[in-house]
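Read-outs throughout are calculated quantities, based only on the coordinates presented, and are distinct from any laboratory measurement. No experiment lies behind these values; they were computed from the predicted model shown. Positions of Cβ are generated from backbone atoms using ideal geometry, with glycine treated the same way; all protein chains shown enter the neighbour counts.
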């Protein structure tokens, strides 16, 4: 994605490759540092129980799309990914309240990198469309990573300052290994 103002690097990421992730949902009522240990444990316990009967699934990611927030891979078919989002959103609502989820979960996607400055996305879209084949990749989803995310200002590859994320793993919840559902 060089020379476009998109940062594909996510420092201190618990996954490999660390920049490829499907965001399922975020807890929107408080920053991670403001969520106490017991509150976090309650949320993890409820998620573990609710995802215990949620079977792993396969999806396809792609084609790559450049837009205002960066570059993404859409998910298709998206039915199971949306069902996973819905289940996680319901758990968060139950444990933390309605105000803890955003009004919409957005379309499921994998983020390839985040924009840190304004640019015309058309040239990048053209490059992505002509250079990335195959257009879709099959992926198997069998776990949910619960992470604390912090945004911070940092020097970007182009030398300008922009926003980056750091991720700290809280736990990994396997899908479909027991539990009662939610």
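When both the stretch 132-182 and the stretch 75-124 are represented by their alpha-carbon centers, they are found 11 Å apart. Each Cα pair under 8 Å and six or more residues apart adds its sequence gap; the mean of these over the residue count of the stretch 6-172 is a relative contact order of 33 percent.
Normalised radius of gyration (Cα atoms, divided by 2.2 N^0.38 Å) for the stretch 94-147: 1.66. For the chain, the longest principal axis of the alpha carbon atoms and the long axis of helix 37-51 meet at an angle near 90°. Our estimate of slack between residue 82 and residue 160, defined as 0.36 nm per intervening residue step minus the Cα-Cα distance, is 24.5 nm.
If R0 equals 30 Å, the separation of the Cβ atoms of residue 168 and residue 90 corresponds to a calculated FRET efficiency of about 0.75.
Expressed per residue, the C-alpha convex hull volume of the stretch 6-172 stands at 122 Å³.
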